[in-house]
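Step one of this worksheet: look at the structure below.
The values are calculated or read from the model by the stated rules, or taken from the named source; none is laboratory data. Owing to the predicted nature of the structure, the values given are computational and were not obtained by experimental measurement. Here the Cβ positions follow ideal geometry from the backbone for every residue, glycine too, while neighbour counts run over all protein chains shown.
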């Protein structure tokens, strides 16, 4: 029995005319958009059960052993430039838990243990507890999204991230009406992270978003880059990517998520509130007190490459500007 | 100490001081590489070498006094001029490679960003020192030459402050440079206090 017919076995009469095929797709799209059909990936999402309420203690591997992430949904990117090389994306990082130089994380982050990994969810939500990474990821369709990434230090890169919208996960915890902000925490383990022995920042590293920012479809809960699982130095196994904000908002190696009714503390803001605001939206008109944010240096260029102008909201103004219509961006930086 | 020996030592010092520059040039031309952000790598390497050289220049006098090796003074000019060269290359890298001669933004940087202001003043202070580094200028200026060249202390202080104020949050390197500079300046203050005391004692007796 052959389930898949070879091309010569298919009669011409069996082939769906292209116009019909297109009509069907259109119908499907419309139905999907109207919410008439539950997509396979959403129905596959089981209720999230905290680890301590699960019967089996066995922990599955969240990703294929090869580290390759396959069957990625494509996503229409508005980035025209080529992605930054894998070498630069994974060799030039700010991840102070592994040292303060740009090359420290790539040399030191091999000590990070990313399995088994758990995320504790707490605060203003109905479903709280400690969840297994594999349970969190299961059922979500991974997408490849090419985003611009702009560091507060005025350099930038373009990265093909792999992940899914953070909002899709947060909804599963059923945040209450009191959940106005979300705070995130990075792992804080001196045995795995040599950098946290020095009080450069307040550990654990913490970041926060308004609930609207967290639910925005551009906010990506990221598990990979360049079609493979995140290298440790890029924030494995689970990090945030908020493409319209300075890079430090995109917290790495997340172990805790807290729904809050007030604005959460964030590590860089605690270190220097004048230089690093809570919002930290990319804004070429609002200088960092010590350097201009009007232009940026694109990584991977030659020594003769010129700086390029920085865009408001890092080029994502069309999608996110509506979040800030009542906010003065010069005072709420 | 023969002239030939001093010439030989100077040549060695010159070569040693050129290593960071030659290393950068080699990396820029494919021997190794300058990493993901080559302009910043060049900028920081030249800046760091400038700081190293200004501190090494300032170590000569204490070293001479403590060891009695008078010929060490002969290296001061070589070191000082090399330091000045690195400072100029550092500034040129910033103006040309980093900012691409964007004069408006350079003007804003120099006037509004304290660490750049301090670095710029430090560079300006070193210009008259480099210009009066010749034997003939030294003869012409006489006693005023030594007074003028005390500007190196101010240039060094501003240079280290420039380094400290540009650090994002990890200030361990700038602190190390600050401590070394304070020790070198402290040595001079101590010597000066002692000599004043000696003069005073002589006056009292």
Among the listed residues A:287, A:292, A:302, A:267, identify the single one that is surrounded by 15 or more Cβ atoms within 10 Å (Cβ to Cβ), within 14 Å of chain B (Cβ to nearest Cβ) and without any contact (Cβ under 8 Å) to a residue 60 or more places away in the chain. A:287
Some residue of region A:311-332 being within 13 Å of another protein chain (Cβ to nearest Cβ) and either within 17 Å of residue A:220 (Cα to Cα) or in contact (Cβ under 8 Å) with a residue 60 or more places away in the chain (or both): no
Of (1) out of contact with any helix residue (DSSP H, G or I) (no Cβ under 6 Å at 6 or more places or on another chain); (2) at pLDDT below 95; (3) within 25 Å of residue A:94 (Cβ to Cβ), residue B:48 satisfies all except one. Which? (2)
Across region B:76-109, the tally of residues that are within 11 Å of another protein chain (Cβ to nearest Cβ) and either touching a helix residue (DSSP H, G or I) at 6+ places or on another chain (Cβ under 9 Å) or part of a loop (DSSP other than H, G, I, E, B) (or both) stands at 9
Residue identified as farther than 30 Å from residue A:271 by Cβ and touching a helix residue (DSSP H, G or I) at 6+ places or on another chain (Cβ under 6 Å) among A:82, A:60: A:60
Go through the residues of region B:160-172 one by one and say whether even a single one is loosely packed, with under 15 Cβ neighbours inside 10 Å, away from chain A (no Cβ under 14 Å) and modelled with pLDDT of 95 or more. no
Take the residues in region A:191-233 that are in contact (Cβ under 8 Å) with a residue 60 or more places away in the chain, within 14 Å of chain B (Cβ to nearest Cβ) and out of contact with any strand residue (DSSP E or B) (no Cβ under 6 Å at 6 or more places or on another chain); name whichever of them is nearest to residue A:91 (Cα to Cα). A:233
Restricting attention to region B:176-205, and to residues there that are within 20 Å of the chain's Cα centre (by Cα) and exposed (fewer than 14 other Cβ atoms within 10 Å of the Cβ), which single residue is nearest to residue B:43 (Cα to Cα)? B:176
Tally, over region B:111-153, of residues that are surrounded by 13 or more Cβ atoms within 10 Å (Cβ to Cβ) and either more than 14 Å from every other protein chain (Cβ to nearest Cβ) or part of a helix (DSSP H, G or I) (or both): 28
Looking at region B:1-43, which of its residues are surrounded by fewer than 16 Cβ atoms within 10 Å (Cβ to Cβ) and closer than 17 Å to residue A:302 by Cβ? B:25, B:26, B:29, B:30, B:31, B:32, B:33
